[in-house]
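Notes follow the structure.
Nothing in this text is a laboratory measurement; each read-out follows from the coordinates by a stated rule. Quick caveat, the model's predicted, so the values are computed rather than measured. Every residue, glycine as well, gets a Cβ built from its backbone with ideal geometry; the counts of neighbours run over all protein chains shown.
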Amino acid sequence: MVAQRIWNERALKADFIKALYDGFPPFDRIFITEAIFRPHGKELVIKFSIDKLPTNIMSKWGKINSVSITISFFEIISASLSKIDYPGNSAISIFELNDNNIRIVIEGEIGLEFVCEFIAVKGVEGYWRSESI
């Protein structure tokens, strides 16, 4: 699967997610809680919740029913926001382009497509969410 290979080979600091999930979980049902464009390094930070629980839950998290993941996308080349029908779920798809850049497509309640040069996982935490998304 191309997406799995891109996450495995191109995402920096992704070892923690791979260890928790024995690989990368599908990002087909996520709830975006933050999206921040930062001017330094032309960075887009996206924080989202995912219901799929890890295979290897960290004991320090205690009882959890959701995981929050923060990912930075660097050297944004282009971006297009087509829809915001918030709140709701979305899906992230990832593609490698011929010029070695990475195309990210977010579809669902948020429609966002962008091209970047690289990806870095900034944070992962388990928590108990009282409401279903």
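Working note: 222 nm ellipticity from helices only, DSSP H runs with n ≥ 4, each -39,500 (n - 2.57), summed and divided by the residues of the chain, gives -3000 deg cm²/dmol to the nearest 500. Full extension of the chain segment joining residue 61 with residue 83 gains 4.5 nm, where the gain is 0.36 nm per residue of separation less the Cα-Cα distance. Each residue of segment 61-68 was assigned a 3J(HN,Hα) from its phi angle through the Karplus curve 6.51 cos²θ - 1.76 cosθ + 1.60 (θ = phi - 60°); the sequence is 6, x, 7, 10, 9, 7, 10, 9 Hz, with glycine and proline shown as x. Shown in residue order for segment 108-117 are the 3J(HN,Hα) couplings computed by the Karplus curve 6.51 cos²θ - 1.76 cosθ + 1.60 at θ = phi - 60°: x, 6, 10, x, 9, 10, 8, 10, 9, 9 Hz (x for Gly and Pro).
May I ask for the distance between the Cα centers of segment 11-32 and segment 84-122, given as a whole number of Å? After rounding, the separation between the Cα centres reads 14 Å. Our estimate of slack between residue 118 and residue 15, defined as 0.36 nm per intervening residue step minus the Cα-Cα distance, is 35.5 nm. Close amide H partners of residue 89, meaning residues 5 or more places away or on another chain with modelled amide H under 5 Å apart, are 109.
Over 26 Å between C-alpha atoms is what I'm after, so list which of 13/83; 42/63; 13/42; 60/83 land there. Violating the 26 Å limit, Cα to Cα: 13/83; 42/63; 60/83. Rounded to the nearest Hz, the phi-derived 3J(HN,Hα) couplings of segment 30-46 under the Karplus curve 6.51 cos²θ - 1.76 cosθ + 1.60 (θ = phi - 60°) are 10, 10, 6, 9, 8, 9, 10, 8, 10, x, 6, x, 6, 9, 10, 9, 10, where x marks glycine and proline.
Let me check I've understood the local charge: for residue 69, count other residues with C-beta under 15 angstrom from its C-beta, Lys and Arg +1, Asp and Glu -1. What total comes out? Taking every other residue near residue 69 into account, the sum is +2. The modelled label-to-label distance between residue 53 and residue 33, using points 7 Å beyond Cα along the C-beta direction, is 1.8 nm. Let me check I've understood the local charge: for residue 102, count other residues with C-beta under 13 angstrom from its C-beta, Lys and Arg +1, Asp and Glu -1. What total comes out? Around residue 102, the surrounding residues sum to -3.
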